[in-house]
Amino acid sequence: MIHFTLIWNCFVFCQFFNLINCRDVSSNGVNGFSGLHKNLMTCFILALIFATQFLSCFTFLGRMFFEAAHTGGREFWVTIFAAASVLLANVLLKFIPEGIMGKAPQLNETEPIGAGSKLLSAYDSHGKGAVFKANTGAAVVT
């Protein structure tokens, strides 16, 4: 159960750092921390996430609400530093030249994913069909 708690903790902190990364999605800005102190709601949410994770890993509340095991401080901080690799990955991704990124496959947002697949065509044909076909000779009771 400790392993699952540490995996869950790492996942939550990946989202924690991704929330910081998403504050600056431009191709030239590499710092999601800039102006973080000016947005009190974001600071509150980050503090709430951290406090919830801290309490769930070090108190009985984690077992009661999340079925999490008690973890040691070392393991807790290791998961945080492992999750912080999201920040490094974001910086490295932004240093890739746009010429190389332009050659990457692009997602066409006007078409649904798998538009030509048999599964989606079956879904569409059933979606366009009648939901209920009443018998012609049966009496309808209201």
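Within region 84-106, restricting attention to residues that are in a helix (DSSP H, G or I) and touching a residue at least 60 places away in the same chain (Cβ under 8 Å), the residue that is farthest from residue 18 (Cα to Cα) is 98.
Restricted to region 17-33, and to residues there that are among the small types (Gly, Ala, Ser) and either loosely packed, with under 11 Cβ neighbours inside 10 Å or under 17 Å from residue 98 (Cβ atoms) (or both), the residue that is modelled with the highest pLDDT is 26.
Would you mind finding the one in 7, 49 that is surrounded by fewer than 13 Cβ atoms within 10 Å (Cβ to Cβ), assigned to a helix (DSSP H, G or I), at pLDDT 85 or above and of a type in the set (Val, Ile, Thr)? Talk me through it step by step, then tell me what you get.
Details: 49 fails: surrounded by fewer than 13 Cβ atoms within 10 Å (Cβ to Cβ).
Exactly one of 7, 49 is surrounded by fewer than 13 Cβ atoms within 10 Å (Cβ to Cβ), assigned to a helix (DSSP H, G or I), at pLDDT 85 or above and of a type in the set (Val, Ile, Thr), namely 7.
The values are calculated or read from the model by the stated rules, or taken from the named source; none is laboratory data. Predicted model, so just to flag it, every value in this text is computed and none were measured. Every residue, glycine as well, gets a Cβ built from its backbone with ideal geometry; the counts of neighbours run over all protein chains shown.
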